[in-house]
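Single-structure report; data block below.
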Amino acid sequence: MNVSFEQLKSMVVFAQVVEQGSLSAAAKHIGLSRAVVSYHIKKLEAHLEVRLLNRSTRSISLTEEGDAYYQSCKVIAEQANSANKQIENMKNEPIGLIRITCPVNAGLETIVPALNEFKTLYPKIELDVMLTDEIVNIINQGIDLAIRGAPLVDSGLQATKLCVLQTCLCGSPDYFEKFGRPKSPADLSSHDWVIYKPQKKVINLKKGTRSFSIEMKGSISTNNASARTAFIEGGHGIGRVPTYDAWPKVKKGSLTTVLDDYQLSDITIYGVFPPGATDSKKVRLLLDFLKAYFEKQLRKMELSF
């Protein structure tokens, strides 16, 4: 005997009648009229071809068949309530899996520390973090959020700006001791560069109303930001490095910045996601958390750099 959606509703109503002790009390509890509650009970009895309740003018009691049937109806009602409570809990304390992808170096230096704090705040959220310098097809890979340092190319995706990162020109103290420190943008053309392949080979500097474009040339190029910075630390050339990456190395003395009075183009970091991803509270929470986290970290860095 198949159970229809209408019968499921009647079963929940029946369970409420038993638990509330009367048709009137059940009607008030679930927001239906007494006539509608009575209709559901009569329809159930007609469908099952048994009497579920003994009725008098003042009270009701279960028949033997009604008692057995109530036990099953009670389970269904409890499961429905449990499902509703689970959703409410997810609204208040989000749970579930978030799949994230981000570049390797930015991930290790900034995203992973941020996710450490996020996971502490929301322990029931699961994180699946893919660190790669390749551009991942986030829809095909089932990714909820990609951290990228470039604007959208695929119009089928959506993005929100997370932060703006400043960059600086760096080299190792040993490199500058051998080849001298550039004192103007014109000097940069005679230096070796460690080239980061995802970026353009032309670097632009500004000072006031004046702009300078320098073509970067060097014997080392890489698609990995960590390798780029390691080669610069190793004395193989100068390079353009995000301030967050250069900052700890300048503090310990393995890198030195140059031409600090010139302005370089910033790197805007975006959170990229499939359409509808922000309908999920956990993804919205993560985006809001990352924005606040980056703002706090960048402010701290500006005060110390």
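Remarks
- Failed item, numbered, when Ser254 is tested on (1) in a loop (DSSP other than H, G, I, E, B); (2) surrounded by 15 or more Cβ atoms within 10 Å (Cβ to Cβ); (3) at pLDDT below 85: (3)
- Pair list, Cβ under 9 Å, 6 or more apart: the stretch 8-34 residue on the phi > 0 side of the Ramachandran plot, other residue surrounded by fewer than 18 Cβ atoms within 10 Å (Cβ to Cβ) and in a loop (DSSP other than H, G, I, E, B): Gly21/Ser59
- Restricting attention to the stretch 183-204, the residues that are under 16 Å from Ala246 (Cβ atoms) and buried (at least 19 other Cβ atoms within 10 Å of the Cβ) add up to 4.
- Filtered residues of the stretch 51-60 (kept if surrounded by 12 or more Cβ atoms within 10 Å (Cβ to Cβ) and either in a loop (DSSP other than H, G, I, E, B) or of a type in the set (S, T, N, Q) (or both)): Arg51, Leu52
- Selected residue [of a type in the set (Val, Ile, Thr), assigned to a helix (DSSP H, G or I) and either in contact with a Pro (Cβ under 8 Å, 6 or more places away or on another chain) or at pLDDT below 90 (or both)] from Thr110, Thr120, Thr160: Thr110
- Here Leu97 fulfils each of the conditions (1) hydrophobic (A, V, I, L, M, F, W, C); (2) surrounded by 13 or more Cβ atoms within 10 Å (Cβ to Cβ); (3) within 46 Å of the chain's Cα centre (by Cα) apart from (2).
- If you go through the stretch 204-242 and keep only what is under 24 Å from Asp133 (Cα atoms), touching a residue at least 40 places away in the same chain (Cβ under 8 Å), in a strand (DSSP E or B) and not β-branched (Val, Ile, Thr), you end up with Asn204, Gly239, Arg240, Pro242.
- Positions within the stretch 31-50 being under 19 Å from Ser72 (Cα atoms) and surrounded by 14 or more Cβ atoms within 10 Å (Cβ to Cβ), in sequence order: Val37, His40, Ile41, Lys43, Leu44, Glu45, His47, Leu48, Val50
The values are calculated or read from the model by the stated rules, or taken from the named source; none is laboratory data. Note that the structure is a prediction, hence the values are computed from the model and not measured. Here the Cβ is made from the backbone with ideal geometry for all residues, glycine too, and neighbour counts use every protein chain on show.
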